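Structure first, then comments.
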Amino acid sequence: MSLCAAGCGREPQRGVTRVETVPVTGIVLVDGQPANNLRVSAVHSTATQGLVPHSPGGYTKEDGRFSLSTYESGDGVPPGDYKLTFVWGEINLMNGQYSGDKLKGKYAEPLRSAHPLQLSSGDNAVDMGTIELKSR
């Protein structure tokens, strides 16, 4: 993933058939503190069966706030059942790659996620509130 992709949001996708999306926002704290550049992913329930209809995600800002994107920055997540996963890596300024996980994979597996997200067609914006994670 490039440095811009990590910090700038998604560019609009052209030539892609879009489905409805629902804006999803929230705040992530790790050990009570805002987590900057933490990757938040919404993994669709069918992804565990090898089917990946969409891969919505986003990165937290300095204050821990995030908004999820599917097609372009902040547009939201298509209706469906998801599990949120969290990876807190670092950006290599030499090559722009995002790698590692300060949380040591503790929140990276959708099957172990304690953070469900269920969206229905016609839903208004969803605020996930404050999600508190522990580094240990």
#### Entry: Which numbered condition GLU132 fails, given (1) surrounded by fewer than 15 Cβ atoms within 10 Å (Cβ to Cβ); (2) not in a strand (DSSP E or B)
(2)
### Among the candidates LYS104, LYS134, residue that is at pLDDT 95 or above, among the basic types (Lys, Arg), more than 14 Å from the chain's Cα centre (by Cα) and on the phi > 0 side of the Ramachandran plot
LYS104
### Query
Among the residues of the range 45-56, is there at least one that is assigned to a strand (DSSP E or B) and touching a residue at least 24 places away in the same chain (Cβ under 8 Å)?
no
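The values are calculated or read from the model by the stated rules, or taken from the named source; none is laboratory data. Fair warning: this is a prediction, and the values are worked out from it, not measured in the lab. Cβ coordinates were reconstructed from backbone atoms using ideal geometry, including for glycine residues, and neighbour counts include every protein chain displayed.
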